[in-house]
Amino acid sequence: MSLKRRRILPGFGLTMGYTLAYLSLVALIPLSTLALSASGIGWARFWHVVLTPRVIAAFRLTIGTAIAAALINSGFGLLVAWTLARYEFPGKGVADALVDLPFALPTSVAGITLTSLYAANGFVGRWLAPLGIKVAFTPLGIIVALTFIGMPFVVRTVEPVLQDLELEIEEAAATLGATRFQTFRRVIGPAILPALITGFALAFARALGEYGSVVFIAGNLPMRTEVVSLLIMSKLEQFDYAGATAIALVMLVMSFIMLFLINLLQRWSTARHAPG
Amino acid sequence: MSIEVRHIRKTFGNFVALDDVSLDLPTGELVALLGPSGSGKTSLLRIIAGLEPPDAGEVHFDREEATNRSARERKVGFVFQHYALFKHMTVFENVAFGLRVRPRATRPPPAAITAKVNELLKLVQLEWAGERYPSQLSGGQRQRIALARALAVEPRVLLLDEPFGALDAKVREELRRWLRRLHDELHITSIFVTHDQEEALELANRVVVLHNGKIEQIGTPDELYHSPATPFVYNFLGNVNLFHGRIEDGQVYIRGTSLPANGGQPDLAHANGKDAMVYVRPHLLDMNLRPIVKGAFAATVRHINAAGPKVKVELTSQWGDPVQVEIDHDRLRELQLEPGVEVYLSPRENRVFVYQI
């Protein structure tokens, strides 16, 4: 009797080895180097760098705007995904391609375009300025840029789930007397929630590390519109490698914890809503 | 509740799914909508349920017009071929759904909901499955849950769209008998769609045969089987041999051989000289080694299948057409048939349809 389970395609040893080697090479080694070089500066220096008001403000801004952008994308991305999954309309192919554009466009191009649009004399900013709404060079501008780059993540994770959702279960809910709102809240919502959380997590993670599109529209005023990735960059430009490394390490740990929590949340909602 | 359907028409693009269909179903019946795929049977069911609007025509429930009511307002129980259970809810929650979504004023208190759901789970013999999820149940069990869920809202009509279509033969038969018993207990007007003639004849009090968006015949299973109104119905309700013939002097001739015209025949005298189609069921053909009966014709045995309650013999007639005959096992031994043997076939009963009278 053999204890090994037979599979159609062989090669567990090889693929597992490859996976570990690849992950180490691409992710683990660079990241551990970061930790290693940060450890060279000592705890006292580390805390001194990390706890300066400028750094704390940058963290607060980065996380706040990333959450805001991911939330906006969850709402509107869901709508876009719904429209693309459910309806046939002329130009659907174009709309579908537009969703992926933020993936393909160099983020700096997006940043420059958004800045010129939303500047006080820009195409859109011109109409917002008299209302007292300033977008470019404010946290609002950062949210706009992060929303732009995060949008495809939500749409592309939710869309396939919506496509797989049978129309019949909505019809079943209707014949059982559920209103449209009840059908959405009790039947469709729980089915797409795990995908929506994944989309949110991806958009959020992308926004945390975003650099290219933000530098142009943010204005980069220390304490006010300076995001963490930019702060690291400016430390590097001043040859403050230790400071940059310390901040980067904190960023790394925080991203990891947040992604881990979101993963747990997602696992919980999947277990609850779609077992077996 | 009685259901009346008047002059329903439904098209999908150029395809006419239902063409001026009218139907009157009294309270408490178990009705089968029978037809091949594309005959419009599912469209008709969905129009009755309010899931699909008709292009023209009316639907009446208890003599009240209901055409413009939504599915939600019609209070029908609908069972889907692929169950359409809510995957993220337990079996209990699935069944309770219809009660929980009621407006606060008519929603039963939680204890009453629990009692009702347990009662229904007992009815479908799945009281142990309340905390399971649909994915943990077999197809037959899922369909029973779907039925319990539909019954929870106490519908006035139960509509079932190919309810056994996705199940394997054994489970299907079991569930069929079980549904029959359930209907005898609850007496709720029920309509089910099927393409399986055996299922329709076994289960329904009344069968509606649909073909190309039109009703071919409405009747009890007995009426349908023994006096089919059209060639289509005859053909659809079981295996059949088809012979092309002519009518002369009130007799049917198949290329010169006259067949005895017996048993509920239409009057053929006025149809002299017309072409006719002769339908004979395989078990209604007698087989002999010699032409001892008048009107017998020769045929050569091609294949014998003795696995089953009857022996199925495939032959080629003297005119070169394929013929199927069913005989008893005893008869097979008497005749000592084997492929290549020539035998004589004589219809014990046939049904003649006359072209273009």
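The values are calculated or read from the model by the stated rules, or taken from the named source; none is laboratory data. Quick caveat, the model's predicted, so the values are computed rather than measured. A quick note on method: Cβ atoms are made from the backbone with ideal geometry, for glycine too, and the neighbour counts reach across all protein chains shown.
Within the range A:222-230, is there a residue that is surrounded by fewer than 18 Cβ atoms within 10 Å (Cβ to Cβ) and either hydroxyl-bearing (Ser, Thr, Tyr) or assigned to a helix (DSSP H, G or I) (or both)? No, the range A:222-230 has no match at all. Residues that are at pLDDT below 90 and part of a loop (DSSP other than H, G, I, E, B): does the range B:49-57 have at least one? No; the residues of the range B:49-57 include none that is at pLDDT below 90 and part of a loop (DSSP other than H, G, I, E, B). Just one residue in the set B:61, B:92 is touching a residue at least 60 places away in the same chain (Cβ under 8 Å) and more than 9 Å from chain A (Cβ to nearest Cβ); that residue is B:61. Scan the range B:98-122 for residues that are surrounded by fewer than 16 Cβ atoms within 10 Å (Cβ to Cβ) and either in contact with a Gly (Cβ under 9 Å, 6 or more places away or on another chain) or outside any helix (DSSP H, G or I) (or both) and the total you get is 8. Does the range B:31-42 contain any residue that is of a type outside the set (A, V, I, L, M, F, W, C) and within 14 Å of another protein chain (Cβ to nearest Cβ)? Yes, there is a match, as at least one residue in the range B:31-42 is of a type outside the set (A, V, I, L, M, F, W, C) and within 14 Å of another protein chain (Cβ to nearest Cβ).
Here residue A:193 meets each of (1) facing chain B (nearest Cβ under 9 Å); (2) more than 21 Å from the chain's Cα centre (by Cα); (3) at negative phi with one exception, condition (2). Among the residues of the range B:180-195, those that are in contact (Cβ under 8 Å) with a residue 40 or more places away in the chain, surrounded by fewer than 23 Cβ atoms within 10 Å (Cβ to Cβ) and either aliphatic (A, V, I, L, M) or farther than 17 Å from residue B:25 by Cβ (or both) comprise B:180, B:182, B:188, B:195. Determine, yes or no, whether residue B:145 is part of a helix (DSSP H, G or I), hydrophobic (A, V, I, L, M, F, W, C) and touching a helix residue (DSSP H, G or I) at 6+ places or on another chain (Cβ under 7 Å). Yes, satisfied. Restricting the range A:173-222 to residues that are over 21 Å from residue A:82 (Cβ atoms) and among the small types (Gly, Ala, Ser), the residue that is modelled with the lowest pLDDT is A:219.
Residue count for the range B:330-341, restricted to those that are loosely packed, with under 12 Cβ neighbours inside 10 Å, in contact (Cβ under 8 Å) with a residue 24 or more places away in the chain and either on the phi < 0 side of the Ramachandran plot or assigned to a strand (DSSP E or B) (or both): 1.
A single entry from A:248, A:244 fulfils the requirement of being out of contact with any Gly (no Cβ under 6 Å at 6 or more places or on another chain), among the hydrophobic types (A, V, I, L, M, F, W, C) and free of Cβ contacts under 8 Å to residues at least 24 places away in the same chain: A:244. Filtering the range A:115-126 down to residues that are surrounded by fewer than 18 Cβ atoms within 10 Å (Cβ to Cβ) and closer than 23 Å to residue A:75 by Cβ, which residue is farthest from the chain's Cα centre (by Cα)? Top of the filtered list is A:124. Only one of (1) more than 13 Å from every other protein chain (Cβ to nearest Cβ); (2) of a type outside the set (Asp, Glu); (3) in contact (Cβ under 8 Å) with a residue 40 or more places away in the chain is not met by residue B:142, so which one is it? Every listed condition holds for residue B:142 apart from (1).
Out of all the residues in the range B:270-293, is one or more of a type in the set (Lys, Arg), modelled with pLDDT of 80 or more and within 29 Å of residue B:333 (Cα to Cα)? Yes: the range B:270-293 contains one or more residues that are of a type in the set (Lys, Arg), modelled with pLDDT of 80 or more and within 29 Å of residue B:333 (Cα to Cα). From the set of residues in the range A:147-187 that are without any contact (Cβ under 8 Å) to a residue 60 or more places away in the chain, surrounded by 18 or more Cβ atoms within 10 Å (Cβ to Cβ) and among the β-branched types (Val, Ile, Thr), which is farthest from the other protein chains (Cβ to nearest Cβ)? If we take residues in the range A:147-187 being without any contact (Cβ under 8 Å) to a residue 60 or more places away in the chain, surrounded by 18 or more Cβ atoms within 10 Å (Cβ to Cβ) and among the β-branched types (Val, Ile, Thr), then A:157 is farthest from the other protein chains (Cβ to nearest Cβ).
Considering the range A:40-69 alone, what residues qualify as being part of a helix (DSSP H, G or I), among the small types (Gly, Ala, Ser) and surrounded by fewer than 13 Cβ atoms within 10 Å (Cβ to Cβ)? Matches in the range A:40-69: A:44 only.
When residue B:46 is tested against the conditions (1) more than 23 Å from residue B:98 (Cβ to Cβ); (2) at pLDDT 90 or above, the lone failure is (1). Whenever a residue of the range B:65-79 is more than 9 Å from chain A (Cβ to nearest Cβ) and free of Cβ contacts under 8 Å to residues at least 12 places away in the same chain, its partners that are of a type in the set (Asp, Glu) and outside any loop (DSSP other than H, G, I, E, B), lying with C-beta atoms within less than 9 angstrom and at least six residues away or across chains, give the pairs B:65/B:58. Reported count of residues in the range B:196-221, each being of a type in the set (A, V, I, L, M), over 10 Å from the mean Cα position of the chain (by Cα) and crowded, with 20+ Cβ neighbours inside 10 Å, is 1. Does residue B:147 qualify as being over 22 Å from residue B:26 (Cβ atoms), buried (at least 21 other Cβ atoms within 10 Å of the Cβ) and in contact (Cβ under 8 Å) with a residue 40 or more places away in the chain? Judged against the criteria, residue B:147 is a match.
Just wondering, is there one or more residues in the range A:86-106 that are touching a residue at least 60 places away in the same chain (Cβ under 8 Å), closer than 23 Å to residue A:215 by Cβ and either surrounded by 17 or more Cβ atoms within 10 Å (Cβ to Cβ) or among the charged types (D, E, K, R) (or both)? No: the range A:86-106 contains no residue that is touching a residue at least 60 places away in the same chain (Cβ under 8 Å), closer than 23 Å to residue A:215 by Cβ and either surrounded by 17 or more Cβ atoms within 10 Å (Cβ to Cβ) or among the charged types (D, E, K, R) (or both).
Being out of contact with any Lys or Arg (no Cβ under 8 Å at 6 or more places or on another chain), modelled with pLDDT of 90 or more and within 19 Å of residue A:177 (Cβ to Cβ) holds for only one residue in B:116, B:41, and it is B:116. Filtered by the rule that a residue be of a type in the set (Lys, Arg) and either at the interface with chain A (Cβ under 9 Å from one of its Cβ atoms) or touching a Ser or Thr at 6+ places or on another chain (Cβ under 6 Å) (or both), the range B:95-122 gives B:100, B:102.
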